[in-house]
Amino acid sequence: MRYAALAVLTLFLSKHCFAQCASTKSLDSPPIGTSLADLIDPTLDPCSNFQAYVCHRWFVSHPLTPGVSMSGIASRLFEGEGILRHRLIEEAELAPRSTPANKLISMYVSACKQAQKPKEKIGPKAKEELRKIDGISNGRQLAREIARVQLSTPGGWSDASSPFFTISFSDSVEVMPRGVATIEVTGHSFIREASAQTGVGNSELDKQHYNRSIEAMFVLAGESSARAKADAEWSTVLEEALAAFRKNSSGANGHDSLRDLTYVKKSVPGFDWKLYLNSLGAGHVRVLKVNSQINLAQLSNLISHSPMPEMRAYLRLHFLLLASKGLGPGFARAAAIAAEAKNNETEDSQPPAVDCYAAASDDMPDAIAEAYVGEKFSLEDRAKAMSIVVAIQNALLRAVDHASWMGEETKSEARSKVKAMILNVGYPESWHINQLRLDKKDYLVDLRRIAAFQLASNTNSKEFENDRKEWRVPPDTMNAFEDPVANVLTVPAGILQYPFFASKATDSENMGSIGVIIGHEMTHGLDSEGETVDSHGRARDWWTDADKQRYTEASGCYVRQYAEEIPGLGRPDSKLTLNEDVADNGGLALALSALTETLPGHEQDLQVVGPDGLSNLQRFFVAFGSTGCTEVSAEASRYLLAHSVHALPMIRVNNAVSNMPAFRSAFGCSAKAPMVKPDPCVIW
Ligand SMILES: [Zn+2]
């Protein structure tokens, strides 16, 4: 599995942490299938303000508390995430042999806990690592050792404490083709950064804290206090040199930032990047992109021209910082103080000890996701969810047939893209994580094994067709994704739960909630951004000029509609939200089309009224409205209005339903009702 950032990651859910995400309120509604009709406020008119009709009662019983900027029915999902992970880890510890995932989790936690016991001296494995660093005497050994230090903990290569630079592997359009890695110079300087940032904090005090804590780490690692002091000073000089160099070398970058390794080898002497990449396990990388004010030649020279003793001290320190949680409580605390000081956040209190459950959550996301799926997501859930995804995909194909703004040539391209879409639903076909072998006895060894395992699945080393089948997020992720480059739709098990989905809920509820989200995501593959990449991931405009013209005219309807003044808040920037508005409306239309096709197979139709008193059509819209029951403070609304690509929750719900003639008939709205647009907008 690979966790590269997706080029387009659409949050229909509003997990925007405007101010304080952690303090959003909890939800105490009963599960999907029993409560939708209870949500409704029958004293309100659905045709005047549909979101209020569906959400008002919930808003009244869950008022925003001071300091909380956003809260909604879906918030519960995010709030429960940490608690659920904690419980899954606890259960794995109690029953380690029950599943492969539980075995991995329990071994990880056991080794981690063992490492947190106080000890007098540094352990033999750590000593061995330090000896390797001290044995460096030439550039080739240095290249290998930098990679080793970066691999001493999961994500070490992209951590702020990575020596000299971080390296990351991306798969977004701009760095196609594959085999490109981005290098970013690290290093830090207290005085400059403190004044350049906010000007608050005492940078001199932070520097003292930092130096004292890294000196303490050198002493814990077995050095005399005199040598520790000298090593700490040397290391800090190198950190500051890197930071200063990064800032002062603003010339000669730009065209120099993307470099083929063949060129690098010939023209940039000093540091052996090929050997470094091979040692890291990223030998497939052919092009390096330097994402800093410094270019590759300057960075190579800096690394290869620093004196060896200084270099060794610097590398020893970075190993101790990166692997601190595996070295014992003294190291972990010192590293935490150093990190606080570096970030200008020195606190009076002692940092807490390493939390092995939190560490497991960070380092073993796939194993925890596997445990999550084992407990919370059945084969029946997966089959049901897949049937919804396929029904929406078919609805999109029908919508393409009927799209009046698309010419025949473009329709054919669109159909190919929709049909070629990979549908990742629930969880992957196989759990790669089960191939990981842990040692239980030594946490340092485990951290290194996990790091190598993660890096191997994190690099963009595979060919496009194989690579696009990989899951890019852990399956317990509570969101849905569309990756326009790989043409992959991912609906993880994490979001396939209340209030979005339940395999036992009615078709109308599931289509109105998760169905709309899936439809929303799918339309992104065909919108004004999706049209720049074809079904094979090639960057190519596949709309004709005439299509573009007609799309601009048709979508202009949304631009006008979403720019309508919101009382007390002003006019939204509807050009900023256009793609998301089109996707919201498209998602709702596709889900209704899919529901209409699905119901007859279950001896139902849109007009049949259920025990809750709602017709299937009404329940569909209420389910949709309920996913938009998110209250936003005035301050947060103003912020979102200026910055978010999504319209405000109330607008997202109300504008989308008022563009649907079926909504008008479902609730018997008059032609002049606020929720009835005289000239509805249509793209899909
Ligand atoms: Zn979107």
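Restricting the search to the range 565-578, which residues are under 22 Å from residue 526 (Cα atoms) and surrounded by fewer than 23 Cβ atoms within 10 Å (Cβ to Cβ)? Please lay out each step first, then the result.
We begin by selecting, within the range 565-578, every residue under 22 Å from residue 526 (Cα atoms); these are 574-578.
If the condition is that a residue be under 22 Å from residue 526 (Cα atoms) and surrounded by fewer than 23 Cβ atoms within 10 Å (Cβ to Cβ), then 574, 575, 576, 578 are the ones that fit.
Considering the range 210-219 alone, what residues qualify as being surrounded by 19 or more Cβ atoms within 10 Å (Cβ to Cβ) and over 13 Å from residue 330 (Cβ atoms)? Even if it seems obvious, please write down each step before you answer.
Looking only at the range 210-219, we keep the residues that are surrounded by 19 or more Cβ atoms within 10 Å (Cβ to Cβ), and these are 210, 213-218.
Within the range 210-219, 210 is the sole residue that qualifies.
Do you know which residues across the range 240-295 are at pLDDT below 80 and in contact with a strand residue (DSSP E or B) (Cβ under 6 Å, 6 or more places away or on another chain)? Steps first, answer last, please.
Step one: of the range 240-295, the residues at pLDDT below 80 are 244-270, 290-295.
Residues satisfying the conditions are 246, 257, 258, 259, 260, 290, 291, 292, 294.
Based on this model, can you work out whether residue 222 counts as crowded, with 18+ Cβ neighbours inside 10 Å and modelled with pLDDT of 85 or more? Spell out how you get there, then give the answer.
Working: crowded, with 18+ Cβ neighbours inside 10 Å: no; modelled with pLDDT of 85 or more: yes.
For residue 222, the condition - crowded, with 18+ Cβ neighbours inside 10 Å and modelled with pLDDT of 85 or more - is not met.
For the range 490-542, give me each residue that is part of a helix (DSSP H, G or I), over 18 Å from residue 78 (Cα atoms) and either more than 22 Å from the chain's Cα centre (by Cα) or hydroxyl-bearing (Ser, Thr, Tyr) (or both).
Let us first name the residues in the range 490-542 that are part of a helix (DSSP H, G or I), namely 493-495, 507-524, 530-532.
Now narrow it down to the ones that are over 18 Å from residue 78 (Cα atoms): 507-512, 515-516, 518-524, 530-532.
Passing the criteria: 507, 508, 509, 510, 511, 512, 523, 531, 532.
Looking for something exposed (fewer than 15 other Cβ atoms within 10 Å of the Cβ) and either touching a helix residue (DSSP H, G or I) at 6+ places or on another chain (Cβ under 7 Å) or of a type in the set (A, V, I, L, M) (or both) - is there at least one such residue anywhere in the range 579-598?
yes
Restricting attention to the range 612-624, does a residue exist that is free of Cβ contacts under 8 Å to residues at least 60 places away in the same chain, farther than 21 Å from residue 395 by Cα and within 16 Å of the ligand (Cβ to nearest atom)?
There is no residue in the range 612-624 that is free of Cβ contacts under 8 Å to residues at least 60 places away in the same chain, farther than 21 Å from residue 395 by Cα and within 16 Å of the ligand (Cβ to nearest atom).
Any chance you could count how many residues in the range 377-409 are of a type in the set (S, T, N, Q) and either under 24 Å from the mean Cα position of the chain (by Cα) or within 21 Å of residue 585 (Cα to Cα) (or both)? Let's see the steps before the verdict.
Restricting attention to the range 377-409, the residues satisfying the condition of being of a type in the set (S, T, N, Q) are 378, 387, 393-394, 404.
Keeping just the survivors that are either under 24 Å from the mean Cα position of the chain (by Cα) or within 21 Å of residue 585 (Cα to Cα) (or both) gives 393-394, 404.
Within the range 377-409, residues that are of a type in the set (S, T, N, Q) and either under 24 Å from the mean Cα position of the chain (by Cα) or within 21 Å of residue 585 (Cα to Cα) (or both) number 3.
Kindly state which helices (runs of 4 or more DSSP H) lie completely within the range 307-386 and contain at least 1 residues that are surrounded by fewer than 21 Cβ atoms within 10 Å (Cβ to Cβ) and of a type in the set (Ser, Thr, Tyr).
Working: elements: 308-322, 329-342, 356-363, 365-376.
The helices (runs of 4 or more DSSP H) meeting that bar are 356-363.
For the range 334-363, enumerate the residues that are within 24 Å of residue 89 (Cα to Cα) and not aliphatic (A, V, I, L, M).
If the condition is that a residue be within 24 Å of residue 89 (Cα to Cα) and not aliphatic (A, V, I, L, M), then 351, 352, 355, 356, 357, 361, 362, 363 are the ones that fit.
Of the residues that sit in the range 430-473 and are outside any helix (DSSP H, G or I) and basic (Lys, Arg), which one is modelled with the highest pLDDT?
Here is the first cut: in the range 430-473, the ones outside any helix (DSSP H, G or I) are 430-431, 436-442, 459-463, 468-473.
Now drop any that are not basic (Lys, Arg), which leaves 437, 440-441, 462, 468-469, 472.
Working: 437: 94, 440: 74, 441: 82, 462: 59, 468: 72, 469: 73, 472: 80.
It comes out as 437.
Looking at residue 514, is it in contact with a Phe, Trp or Tyr (Cβ under 6 Å, 6 or more places away or on another chain), farther than 30 Å from residue 638 by Cβ and hydrophobic (A, V, I, L, M, F, W, C)? Show your work before the answer.
Values: in contact with a Phe, Trp or Tyr (Cβ under 6 Å, 6 or more places away or on another chain): yes; farther than 30 Å from residue 638 by Cβ: yes; hydrophobic (A, V, I, L, M, F, W, C): yes.
Against the criterion (in contact with a Phe, Trp or Tyr (Cβ under 6 Å, 6 or more places away or on another chain), farther than 30 Å from residue 638 by Cβ and hydrophobic (A, V, I, L, M, F, W, C)), residue 514 qualifies.
Return a yes/no flag: does the range 82-98 have any residue that is polar (S, T, N, Q), at pLDDT below 95 and more than 17 Å from residue 327 (Cβ to Cβ).
In the first step, residues of the range 82-98 are kept if they are polar (S, T, N, Q); the result is 98.
Next, only the ones that are at pLDDT below 95 stay: 98.
Cutting the leftovers down to more than 17 Å from residue 327 (Cβ to Cβ) gives us 98.
Within the range 82-98, one or more residues are polar (S, T, N, Q), at pLDDT below 95 and more than 17 Å from residue 327 (Cβ to Cβ).
Taking the range 43-86, which residues are assigned to a loop (DSSP other than H, G, I, E, B) and surrounded by 18 or more Cβ atoms within 10 Å (Cβ to Cβ)? Steps first, please.
Of all residues in the range 43-86, those assigned to a loop (DSSP other than H, G, I, E, B) come to 43-49, 62-69, 73-74.
Selection gives 46, 47, 62, 68, 69, 73, 74.
Spot the failing condition for residue 201; the list is (1) modelled with pLDDT under 80; (2) assigned to a helix (DSSP H, G or I), and only one is missed.
Just one mismatch for residue 201, condition (2).
Of the residues that sit in the range 561-573 and are in contact (Cβ under 8 Å) with a residue 24 or more places away in the chain and out of contact with any Leu (no Cβ under 8 Å at 6 or more places or on another chain), which one is nearest to the ligand (Cβ to nearest atom)? Please lay out each step first, then the result.
Residues of the range 561-573 in contact (Cβ under 8 Å) with a residue 24 or more places away in the chain: 561-562, 566, 568-570, 572-573.
Imposing the further condition that a residue be out of contact with any Leu (no Cβ under 8 Å at 6 or more places or on another chain) reduces the set to 561, 568.
Working: 561: 17, 568: 26 Å.
The residue in question is 561.
Kindly indicate whether any position in the range 579-590 is away from the ligand (no atom under 16 Å from the Cβ), under 22 Å from residue 519 (Cβ atoms) and not in a loop (DSSP other than H, G, I, E, B). Talk me through it step by step, then tell me what you get.
We begin by selecting, within the range 579-590, every residue away from the ligand (no atom under 16 Å from the Cβ); these are none.
No, the range 579-590 contains no residue that is away from the ligand (no atom under 16 Å from the Cβ), under 22 Å from residue 519 (Cβ atoms) and not in a loop (DSSP other than H, G, I, E, B).
Considering (1) of a type in the set (Asp, Glu); (2) on the phi < 0 side of the Ramachandran plot; (3) out of contact with any Phe, Trp or Tyr (no Cβ under 7 Å at 6 or more places or on another chain), say which one residue 631 fails and leave the rest.
(3)
Do the conditions hold for residue 576, that is, is it more than 16 Å from the ligand (Cβ to nearest atom) and touching a residue at least 60 places away in the same chain (Cβ under 8 Å)? Before the answer, list the steps.
Working: more than 16 Å from the ligand (Cβ to nearest atom): no; touching a residue at least 60 places away in the same chain (Cβ under 8 Å): yes.
When the stated conditions are applied, residue 576 does not pass them.
The values are calculated or read from the model by the stated rules, or taken from the named source; none is laboratory data. Predicted, not measured: the structure shown is a model, and the values here were computed from it. In this analysis, Cβ positions are derived from the backbone assuming ideal geometry, glycine residues included, and neighbour counts consider all displayed protein chains.
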